[in-house]
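Written out below as structure tokens is the structure these notes cover.
Throughout, read-outs are computed from the coordinates displayed, never taken from laboratory work. Remember, it's a predicted structure, so these values are computed and weren't measured experimentally. Positions of Cβ are backbone-derived with ideal geometry, glycine not excepted, and every protein chain shown enters the neighbour counts.
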Amino acid sequence: MSRRLLLATAAALLGTACAVPVVPASSSTRGGDPALVRAALARAGEGEKGPTNKLGRPMAFVVVRPAGGPLELQAFDLEGKSVRWRHRAEVAGRVAVAGDVVVYADRAGALVARDVDTGAVRWQRGLDSAFTRMGYAASGATVAEVVQTAGGSSAGAKEAAVIAYDAASGSQRFSRDITGPVAAPAVWRNLVVVPRQSQWVTLFDAQSGQVLADILSREEAASFVRGLPEGLFFGSQGVFLASERTAIAQRKSPAYMRATLPAFVRPLYHHDMYRPAEVDYSALDRNRLLWRATTSGEETSFAGGAVVVHNFRFFFAVDAATGRLRWAYNQPRIDAISSAHTGRSILFVTSDGGFKALDAASGAVTYEAALGIGDALAVSGATFDAEGFGPATGGSQTDPNLVSTLASILWDPDRRFTDVRMFALEEMTKMGGPDVARQLLRALDIGEAVPAPVLKKTMEVLVERQDRALLPVYMEALRVRPDYAEDRQPKRLDFFARAVTTLKAKEAIPLLVEHLRLPDTDLEAVGPIADAAIALQAKEALEPFQDFLLQYRADPAFVGDPSPLIAACNVLLKLGGPKQRSLLLFVAEAPHTIEPVSSHLQRSLVPEDAPSKPAGASQGE
Amino acid sequence: VCLVRHLAGWILVWALTVGDVAAAPSTGAAGKSKPSKPLPSAELADLRAKLLGEDVATAVTAAQRLGDSGAREAAEPLAELLAIGALPNLAVEALAGLEKLRDPKSLQVLTLYTGNRNVPVRKAAVKALAALGDPRVAGVLIERLGDSAAEVRTVAAETLADRKDSRAAPRLFKLVAKNDAGAAGPLGTLIKADNVPQLAELRGRVDDAVLATAMGEFLKRPEVADRLRVDVINTLARMPGAAATTALVEYLTTIPEKDNRASRAEAQKLVDSRGAQ
């Protein structure tokens, strides 16, 4: 039965909010039973307040390839800023951390457990080549895996097993057959928790394998389940706190949370645990949401009212209710490969092995360390076991460097991330003050490093700001003439023309029209210069535009794009008097005037009566 | 810039009236035009009509005839044509005619055309302007040293060198530093002796041929101290290739027969040794 059909079946059964039969049956006969869910969660017991590992130290387990060497797993002591151990390891999946061991899947398919203190292999569990491991998890004294025993990893696979081991010894506690499709498990306190059949979250006793309860996610798929110190969570498009009230989970529940996010953000609260490929570290780890929760009874909300967007090199804390940006961080040059929200901090490791912690409230950098100083290495992924790690900073929720950080993102030389730049620009436009204008003005000096849409949008923003304090800057820029000897080239005349127009700065017109007589002036600027002259009723622009029109009226180079000449005609039409009308009549009729110009003039001059005879040379202005 | 401000007035006079052409503002600083035989008024009228007519080939011929006539009044129809706009190839012919006629009244329209977007037109305008003796021309030529087209820069540079206008030297130096071959000779003509060591320091960053051309021209200047010439020759001695040898040979040809200056011996020795190789 497809996941969609299952969803439809479940929905049909959910006419009432009471418990419904599990479809298809696990050993439990009832699903979505609040009493069973309450009892199961109570049976889970208390969780750890700090790191899971038995050392009690905040650790990072990093998959790294030293230059030219084989893949290694390194245990990095975050407090001591030192590598505790390192071993060759063909790691092919995320590292999961229990009290005594860390576990991972290797390239041969085995589940390998290494001693958390020494890194020595404690035990291994192979995988039948006919089976597919959907995923594995660890916490406390338990390691669990889910294996699809038929049907591979397809959504139609129905036969699966949930298997749990004693973390220290690797001895199997139970193997329980379960009807699929089944996702990767989570271990939370004394429970093994497995999403299955899209809508269900089944809670197993971690010791016996007994099915304790089934939670039904009624309105959206439960593609992940995540155990945190503050509770057990599941969801996909949003996040539910597992509780009696979410035994049949609905979005209207106070135990549901979903952040308002900027458009560029991929709303990935957790990877899709139905996809075995996502068991390994991947680009998903660099483009997701970092969040923690505050719970009060059965209600939940995002901790601090914010979620943090990790987008490759950038981190943005966003108010979950409004989408307003609180702080931003730009990791220079290289990607943050893996990250975690420790409660206090956003902790991450870069591709070259640099660790940093950002204060979760303010974004301030509070911690830095390096995996191997001076070593050439490439980090491919990391798991942090560092609950609560990070120096406290006093809890300010404002970022004093927000403008400069956003500007650094906007003008970053890395040509990826156009959407992120646009977001940074959008946020800057919401801010006032000279700092913002100064940073936006850097657009004038930026070359090809920044994508054209970003530059264009920045220009538009500057024009729209109508900041008269910028006029001297504009005037100075307009004085720049192209000069090969001096390596000088005026930039973005079209922008300046629009900017001075919005500022009603008529004094800039002589500087603008001077560019009409220069051979290398960007022709795309002629239209905006003409618009400026017309908008500001600048009659001093008449003569330069006359010169321009007459000089090029017969130039075939303008046949392809006659718009600059048309613009010149329009200036004369709208600002000129009889003298200019006579001149335009001449241009319309004269030999060799290019056809688009003569046609335009004939159309433009028709509505009014043509002069009975050409205006005298001595008349006019 | 102000030179072109009255152009519209010209246009209206020339393009819209059928009668006589109004006098353009006098520059008061005319170039030296050679005395010429006036064009018969009928022929002038005929040529003007052809120049402003539909047929381009006829107009080109008329422009050439007007330029070749050497007649003072022949400049007016050519300037008139440029003022009302023409096809680029016809404009080039009109500008070439004005170059020959050297009419000071064409200063404004020529200045306007030194900013034309079409490179052959611009180059022709710079040449025509350069033919005028008006002191205001120098400013335009110095500006055109920054032209994006090498051929236009070269015309401007050579004209400024011919005029011995040392104000151009700093910009010419910048062009040579950018390996602009067209600026090399003019820089050699105009560079201050004090700045020659800086020129030599460009070696390695600029083609030897460019530097050799500049230094060769410098050697030819009669006012240069011979000791400095010897230094320059020693610099040229370190440059392999034909350009340095050519510069030395050309220098030797400029020295009067009975002049036995030290630099002559140095240059000759170097040329001889290169010949022997």
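Below are the figures for this structure:
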{"quantity": "Built amide H within the under 5 Å cut-off of A:Glu159, gap 5+", "calculated": "A:Thr149, A:Ala150, A:Gly180"}
{"quantity": "For chain B, size of Cβ-based charge dipole, Lys and Arg +1, Asp and Glu -1, in debye", "calculated": "660"}
{"quantity": "Computed E for A:Val83/A:Ala130 - FRET, C-beta separation, R0 45 angstrom, nearest 0.05", "calculated": "0.70"}
{"quantity": "Inter-chain shielding of A:484-490 (mean C-beta neighbours from other protein chains, 10 Å cut-off)", "calculated": "6"}
{"quantity": "Euclidean distance of C-alpha centroids, segment A:88-113 and segment B:37-61, integer Å", "calculated": "94"}
{"quantity": "Cα lying deepest toward the dipole's positive end in segment B:63-193, options B:Gly185, B:Ala83, B:Val109, charges on Cβ", "calculated": "B:Gly185"}
{"quantity": "Interchain or long-range residues, amide H under 5 Å from A:Thr366's placed H", "calculated": "A:Ala357, A:Leu358, A:Asp359"}
{"quantity": "Förster radius 30 Å - calculated FRET efficiency between B:Asn195 and B:Thr254, Cβ distance, rounded to 0.05", "calculated": "0.90"}
{"quantity": "Reachable lysines from A:Lys356, criterion Cα separation under 24 angstrom, eight or more residues apart if same chain", "calculated": "A:Lys49, A:Lys54, A:Lys81"}
{"quantity": "For peptides B:191-198, A:184-191, sequence by mean Cβ density within 10 Å, most packed first", "calculated": "A:184-191, B:191-198"}
{"quantity": "Local net charge near B:Gly185, Cβ-Cβ under 9 Å (Lys/Arg +1, Asp/Glu -1)", "calculated": "-2"}
{"quantity": "Environment charge at A:Asp335 (Cβ cut-off 11 Å; Lys +1, Arg +1, Asp -1, Glu -1)", "calculated": "+1"}
{"quantity": "HN-Hα J in Hz across segment A:380-388 - Karplus 6.51, -1.76, 1.60, θ = phi - 60°, x for Gly and Pro", "calculated": "9, x, 7, 10, 9, 10, 9, 3, x"}
{"quantity": "Estimated dipole of segment A:441-543 in Debye, rounded to 20 [Cβ of Lys and Arg +1, of Asp and Glu -1, Cα centre]", "calculated": "360"}
{"quantity": "Charge-dipole axis of the protein assembly as shown as Lys and Arg at +1 and Asp and Glu at -1 on Cβ define it, positive-most pick from A:Ala508, A:Ala369, B:Leu44", "calculated": "A:Ala369"}
{"quantity": "³J(HN,Hα) computed for each position of segment A:570-584 - Karplus, 6.51 cos²θ - 1.76 cosθ + 1.60, integer Hz, glycine/proline x", "calculated": "5, 4, 5, 5, 8, 9, x, x, x, 4, 6, 5, 4, 4, 5"}
{"quantity": "Cβ-based charge dipole, chain A, positive-most Cα from A:Val379, A:Ser563, A:Gly305", "calculated": "A:Gly305"}
{"quantity": "Cα gyration tensor shape of segment A:510-613, rounded if a/c is under 1.5, else prolate or oblate by comparing a/b with b/c", "calculated": "oblate"}
{"quantity": "Shape call, segment B:79-168: gyration tensor on alpha carbons, a/c limit 1.5", "calculated": "oblate"}
{"quantity": "Calculated from backbone phi, Karplus (6.51, -1.76, 1.60) coupling profile of segment A:49-64 in Hz, x at Gly/Pro", "calculated": "9, x, x, 6, 5, 5, 6, x, 9, x, 10, 10, 10, 10, 8, 9"}
{"quantity": "Listed peptides A:505-518, B:52-65, A:309-322 by packing density, highest first (mean Cβ within 10 Å)", "calculated": "A:309-322, A:505-518, B:52-65"}
{"quantity": "Surrounding net charge for B:Ala237, when Lys and Arg each add one and Asp and Glu each subtract one, Cβ distance under 15 Å", "calculated": "+2"}
{"quantity": "Peptide A:536-546 - average C-beta neighbours from other chains (10 Å radius)", "calculated": "2"}
{"quantity": "Number of partner chain Cβ atoms within 10 Å, mean per residue of A:49-62", "calculated": "0"}
{"quantity": "Segment A:251-294-segment A:301-319 distance, computed between alpha-carbon centres (Å)", "calculated": "11"}
{"quantity": "For A:Gly353, residues with placed amide H under 5 Å, excluding near neighbours", "calculated": "A:Val379"}
{"quantity": "Ellipsoid equivalent to segment A:62-196 - semi-axes via the Cα gyration tensor, in Å", "calculated": "27, 17, 12"}
{"quantity": "Spacing of the two label points (7 Å from each Cα toward its C-beta) at A:Arg251 and A:Met475, in nm", "calculated": "5.6"}
{"quantity": "Cleavage-rule hits (GluC sites (Glu not before Pro)) in segment B:134-234: DSSP loop, at most 16 neighbouring Cβ within 10 angstrom", "calculated": "B:Glu201, B:Glu223"}
{"quantity": "Only Lys, Arg (+1) and Asp, Glu (-1) charged, at Cβ; the protein assembly as shown dipole about Cα centre in debye", "calculated": "620"}
{"quantity": "Violating pairs (Cα-Cα greater than 29 angstrom) within the set B:Lys178/B:Lys220; A:Lys491/B:Lys164; A:Lys579/B:Lys37; B:Lys123/B:Lys164; B:Lys127/B:Lys178", "calculated": "A:Lys491/B:Lys164; A:Lys579/B:Lys37"}
{"quantity": "Cα-projected label distance for B:Arg238 with A:Arg107, points at 7 Å along beta-carbon direction, nm", "calculated": "5.8"}
